[in-house]
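Down below is the structure, laid out as structure tokens.
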Amino acid sequence: MSHGAPSEFKNPVINWIDTRLPIFTMMQKEYGTFPTPKNFNYLWNFGAIALVMLVTMILTGIFLAMSYEPSTKGAFDSVERIMRDVNYGWLIRYIHMNGASLFFMAVFIHIFRGIYYGSYKSPRELLWMLGVTILLLMMATAFMGYVLPWGQMSFWGATVITNLFSAVPVVGESIVTWLWGGFSVDNPTLNRFFALHYLLPFVIFAVVFLHVAALHVSGSNNPTGIEPKTDKDTITFHPYYTVKDAFGLTVFFIIYMSIVFYAPNALGDPDNYVPANPMVTPAHIVPEWYFLPFYAILRSFVWDITIPFTHIVIISSKLGGVLLMFGSIGMLYVLPWLDRSPVRSSVFRPIYKKLFWVLVLDCLVLGYIGGQPAEQPYILIGQIATGLYFAFFLIVSPLLPKYEKTLPLPNSISEAVLKKS
């Protein structure tokens, strides 16, 4: 009778555990000897950075939950108590609060890197879709977390965003009532959001596990977009990329901690430091910065679509905005099938590369417009920017491959690396 597979580890404790539960062998295979393309640049650091940020957010969130009171009467005061009376509560909250912004920043860079280098193309479609699912879960988690301090912007942001679901035909009002737990944003709403905000990060962690598992099945993409052909095209993940990731994490955390210690409130809204008051509406209701591009897309639809020669509304401006907002995420889901170019990397697609940077600039413009009042000329600029965003996915991605002359691809990753050297 076998008593476990032999282990290669010399440490007797690790060897004893590994022969009974080969977790260290698995880690060595997946993160030690795992063959990785040898030409990664520092943009590939942001996957590891995002994972570390997720763990940071979960740990700080657990500690904050120990002192938080999820009630409309006590939420704001409990946050103040965390800041003033709990040992290092101010530090934990600032790490958590600013960590959300840095987490989104890392994920956005990770996504744009994937678009630039074609990381969504076969055989990595499912890997890409799991990544977009993580983004959606992050957005839901962050929105609910923003409500928890129960400041003015928390309350009114929750009121505005949850009301959007009322535009859904037939079931919209029922969805809003279910979200609120009543007929307005109140104590049941805060309790539900707290419970979901605590739960969803663990759901994200599970989807990240699937994301990483899919990555290790299909293998990593690389800046050339060429699959490794021989052992000369790859190197082991450790120590080469563990060291590179450690350097990237160090630089990232220097920036992160600089914000935490020197500008902890720079990314927050001043109205959220005032207790929630349903009787006083803020002059300008805006979400956190990482929601602003989607908020601008939501507000860009200002027309009611009616049946010709009648006053029967088919799609209201409110429903149209909601459909556009969710459609902007839907474009990412279907991008692997919209882009039909056989060449993955923008490095060898000169026109696509330029249009990619137009997309990046367009998203920055949408972010700016989302933070401005819903008036002219911001509405018009937002509509143009929204049109450009959807044009990239629905027109440029499927049609450009028919007309674009791509540059010749190198024969292998090693050839590209040596040529660059």
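The values are calculated or read from the model by the stated rules, or taken from the named source; none is laboratory data. A quick note: this is a predicted structure, and the numbers were derived from the prediction, not measured. Reconstructed Cβ throughout: ideal geometry from the backbone, glycine too, with neighbour counts over all protein chains shown.
All of (1) of a type outside the set (Gly, Ala, Ser); (2) farther than 18 Å from residue 140 by Cα; (3) surrounded by 19 or more Cβ atoms within 10 Å (Cβ to Cβ) hold for residue 282 with one exception: (3).
Identify all residues within the range 258-274 that are exposed (fewer than 13 other Cβ atoms within 10 Å of the Cβ), in contact with a helix residue (DSSP H, G or I) (Cβ under 9 Å, 6 or more places away or on another chain) and assigned to a helix (DSSP H, G or I); write none if there are none.
261, 270
In the range 222-248, the residue that is surrounded by the most Cβ atoms within 10 Å (Cβ to Cβ) out of those that are in contact with a helix residue (DSSP H, G or I) (Cβ under 6 Å, 6 or more places away or on another chain) and under 19 Å from residue 50 (Cα atoms) is 245.
Listed here are the residues, each with its yes/no results for (1) farther than 30 Å from residue 226 by Cβ; (2) surrounded by 14 or more Cβ atoms within 10 Å (Cβ to Cβ); (3) at pLDDT below 95.
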{"position": "11", "(1), (2), (3)": "yes, no, yes"}
{"position": "17", "(1), (2), (3)": "yes, yes, yes"}
{"position": "35", "(1), (2), (3)": "no, yes, yes"}
{"position": "45", "(1), (2), (3)": "no, yes, no"}
{"position": "54", "(1), (2), (3)": "yes, yes, no"}
{"position": "63", "(1), (2), (3)": "yes, yes, no"}
{"position": "78", "(1), (2), (3)": "yes, yes, no"}
{"position": "85", "(1), (2), (3)": "yes, no, no"}
{"position": "100", "(1), (2), (3)": "yes, yes, no"}
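On inspection, residue 182 qualifies as among the small types (Gly, Ala, Ser), without any contact (Cβ under 8 Å) to a residue 60 or more places away in the chain, surrounded by fewer than 16 Cβ atoms within 10 Å (Cβ to Cβ) and not assigned by TED's automatic domain parsing to the domain that holds residue 290. Considering the range 289-395, the qualifying helices (runs of 4 or more DSSP H), each wholly inside and each with 1 or more residues that are within 30 Å of residue 410 (Cβ to Cβ) and at pLDDT 95 or above, run over 317-338, 350-370.
The rows are residues; the columns are (1) of a type outside the set (Phe, Trp, Tyr); (2) over 21 Å from residue 396 (Cβ atoms).
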{"site": "313", "(1), (2)": "yes, yes"}
{"site": "316", "(1), (2)": "yes, yes"}
{"site": "320", "(1), (2)": "yes, yes"}
{"site": "327", "(1), (2)": "yes, no"}
{"site": "333", "(1), (2)": "no, no"}
{"site": "338", "(1), (2)": "yes, no"}
{"site": "342", "(1), (2)": "yes, no"}
{"site": "350", "(1), (2)": "yes, no"}
{"site": "353", "(1), (2)": "yes, no"}
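Would you confirm, using the coordinates I've provided, whether residue 176 is modelled with pLDDT under 95 and either acidic (Asp, Glu) or surrounded by fewer than 23 Cβ atoms within 10 Å (Cβ to Cβ) (or both)? When the stated conditions are applied, residue 176 passes them.
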